[in-house]
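The structure appears right after this line, and notes come after that.
The values are calculated or read from the model by the stated rules, or taken from the named source; none is laboratory data. Quick caveat, the model's predicted, so the values are computed rather than measured. FYI the Cβ positions are ideal-geometry reconstructions off the backbone, even for glycines, and counts take in every protein chain you see.
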Amino acid sequence: MAYEVGASEVKYDGAIIRVRADTVAQPDGTQARREVVEHTGSVAVVAVDDARRVLLIRQYRHPAGQYLWELPAGLCDHDGEDPLATARRELAEETGWTAADWSTLVDVYPSPGISTERCRIYLARELRRDAPPGRLQDEEADLQQRWTPLAEAVFEVLSGHITNGLAVAGLLATAVRHGMRENRHRPGRAVWPTPQD
C-alpha cells in the first residue's frame with residue numbers, strides 16, 4: 001500500500017522530466033518531504049547474434065561526464081506506442097538492426113529512490129541489418145557500435161567498465177538466460193575504473 005501524499009507541488013516541468021515535491025505521511029505519523037522525478041519510462045534491448053555476441057553502443061552521457069558503453073535504448077515517449085514497439089523502433093533507429101525474435105528479459109526501476117522511471121529490457125535475436133542507423137541528433141549523433149562476446153561483456157560489467165544500469169541488468173539477465181557463470185572477483189577496496197574508449 002502506498003504512503004498517503006498530503007501535498008504535492010511541481011517544481012520543474014521540462015521536455016523529458018517533471019520534478020515535484022511531495023509531503024508524505026510516514027508509518028510513524030510524521031511527515032516527510034520527498035522529491036520525485038516523474039519520467040515517462042524507457043526500454044532497452046540486448047541484441048544477441050548467432051555467435052552469442054551482444055551489440056553495444058557508446059554514447060556521451062553529460063551527467064556522468066563521460067562516454068558509456070550501453071544497450072540500445074530509448075524513452076517511451078510516443079503516445080499509444082506499446083513498449084515492444086518502442087524497443088523495435090529504438091533498435092532500428094540507433095543501430096540499423098531489426099530482430100525477428102523478441103522476449104522480455106527483466107523489468108527494472110533504475111533509480112526508485114527518486115524517479116518514477118520503469119524500464120523493460122528485451123532480448124532480441126534472429127537479427128538482420130536492414131538499413132544504416134536513423135538520423136540521430138545531439139549526443140546520439142556520434143554513437144559508436146561494437147559487437148562483443150557475451151562473456152566478455154559480462155566481465156566488463158563485473159570489472160566496472162560497463163556501468164550503465166540498464167546495460168548491467170540486461171547483460172547479467174542475458175548471462176543467466178544462457179546459463180553462464182563468472183567466478184572472477186574484485187576486492188572490496190577496488191578502485192573505480194577509469195572510463196574506457
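Can you tell me which condition residue 79 does not meet? The list is (1) modelled with pLDDT under 95; (2) under 19 Å from the mean Cα position of the chain (by Cα); (3) assigned by TED's automatic domain parsing to the domain that holds residue 123, and all the others hold.
Of everything listed in (1) modelled with pLDDT under 95; (2) under 19 Å from the mean Cα position of the chain (by Cα); (3) assigned by TED's automatic domain parsing to the domain that holds residue 123, residue 79 misses just condition (2).
Of the residues 174, 98, which single one is closer than 13 Å to residue 55 by Cβ, more than 18 Å from the chain's Cα centre (by Cα) and polar (S, T, N, Q)?
One residue alone meets the criteria, 98.
Conditions (1) of a type in the set (S, T, N, Q); (2) modelled with pLDDT of 95 or more; (3) more than 16 Å from residue 122 (Cα to Cα), marked per residue:
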| residue | (1), (2), (3) |
| --- | --- |
| 1 | no, no, yes |
| 6 | no, no, yes |
| 16 | no, no, yes |
| 21 | no, yes, yes |
| 24 | no, yes, yes |
| 37 | no, yes, yes |
| 54 | no, yes, no |
| 57 | no, yes, no |
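I need a count of the residues in region 18-34 that are farther than 15 Å from residue 2 by Cβ, of a type in the set (Gly, Ala, Ser) and exposed (fewer than 13 other Cβ atoms within 10 Å of the Cβ).
Qualifying residue count, region 18-34: 1.
Of all residues in region 161-196 being in a helix (DSSP H, G or I) and not hydrophobic (A, V, I, L, M, F, W, C), which is surrounded by the most Cβ atoms within 10 Å (Cβ to Cβ)? Walk me through how you get there before you give the answer.
From region 161-196, those in a helix (DSSP H, G or I) are 165-177; that's our starting set.
Then drop every residue that is not not hydrophobic (A, V, I, L, M, F, W, C), which leaves 165, 170, 174, 177.
Numbers: 165: 14, 170: 27, 174: 22, 177: 15.
So, considering only residues that are in a helix (DSSP H, G or I) and not hydrophobic (A, V, I, L, M, F, W, C), the one surrounded by the most Cβ atoms within 10 Å (Cβ to Cβ) is 170.
Out of 85, 100, 47, I need the residue that is assigned by TED's automatic domain parsing to the domain that holds residue 145, touching a residue at least 24 places away in the same chain (Cβ under 8 Å), surrounded by fewer than 14 Cβ atoms within 10 Å (Cβ to Cβ) and among the aliphatic types (A, V, I, L, M). Which one? If you could, list the steps in order and put the result at the bottom.
Numbers: 85 fails: touching a residue at least 24 places away in the same chain (Cβ under 8 Å); 47 fails: surrounded by fewer than 14 Cβ atoms within 10 Å (Cβ to Cβ).
Testing whether each residue is assigned by TED's automatic domain parsing to the domain that holds residue 145, touching a residue at least 24 places away in the same chain (Cβ under 8 Å), surrounded by fewer than 14 Cβ atoms within 10 Å (Cβ to Cβ) and among the aliphatic types (A, V, I, L, M) leaves just 100.
Which condition does residue 13 not pass, out of (1) out of contact with any strand residue (DSSP E or B) (no Cβ under 7 Å at 6 or more places or on another chain); (2) surrounded by 14 or more Cβ atoms within 10 Å (Cβ to Cβ); (3) acidic (Asp, Glu), if it passes all the others?
(2)
What single numbered condition from (1) modelled with pLDDT under 80; (2) out of contact with any helix residue (DSSP H, G or I) (no Cβ under 6 Å at 6 or more places or on another chain); (3) assigned to a loop (DSSP other than H, G, I, E, B) fails to hold for residue 134?
(2)
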